[in-house]
1. As an exercise, use a Förster radius of 25 Å and the Cβ-Cβ distance of residue 6 and residue 47 to find the FRET efficiency, rounded to the nearest 0.05.
2. Rounded, prolate or oblate for the chain? Axes are the square roots of the Cα gyration tensor eigenvalues, ordered a ≥ b ≥ c, and the cut-off for rounded is a/c under 1.5.
3. Where a ≥ b ≥ c are the square roots of the eigenvalues of the C-alpha gyration tensor, would you call the range 31-75 rounded, which needs a/c under 1.5, or, failing that, prolate if a/b is larger than b/c, or oblate?
4. By how many nm would the segment from residue 26 to residue 65 lengthen if fully extended, with 0.36 nm per residue of separation less the alpha-carbon distance?
5. Between residue 33 and residue 19, how many nm apart are label points set 7 Å from Cα along the C-beta direction?
């Protein structure tokens, strides 16, 4: 697991590199979500909700692709050397932040 202080710095850096300028309140929610994602990722925990086709199709594929890229870059910035395998549910949840940006 990565130290939260370091994780917050990397989250902010990757978010800035993506040119996402979240309002402060939305950024705090996003940052907390990223910290929770990292904890689940390193603990190899899975989300328990069902990602149906109907639910998945409610988010534009561009946001889903951005979310996957964002998470991969974040993990690389945090020292993940292998191509990370990220659960589609995690990607979907991050995409919802980008869709509501």
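1. Details: r = 24 Å, r/R0 = 0.96.
Calculated value: 0.55.
2. Numbers: a/c = 1.60, a/b = 1.17, b/c = 1.37.
Oblate shape, in that a/c is at least 1.5 and b/c is the bigger or equal ratio.
3. Numbers: a/c = 2.44, a/b = 1.31, b/c = 1.87.
In terms of gyration-tensor shape, oblate.
4. Working: separation 39, 0.36 × 39 = 14.04 nm, distance 2.05 nm.
Gain on extension, residue 26 to residue 65, equals 12.0 nm.
5. Distance between label points: 2.1 nm.
Where a number appears in this text, it was derived from the coordinates with a stated rule and is not lab data. Bear in mind that the values here come from a model prediction, so they are computed numbers and not experimental data. Here the Cβ is made from the backbone with ideal geometry for all residues, glycine too, and neighbour counts use every protein chain on show.
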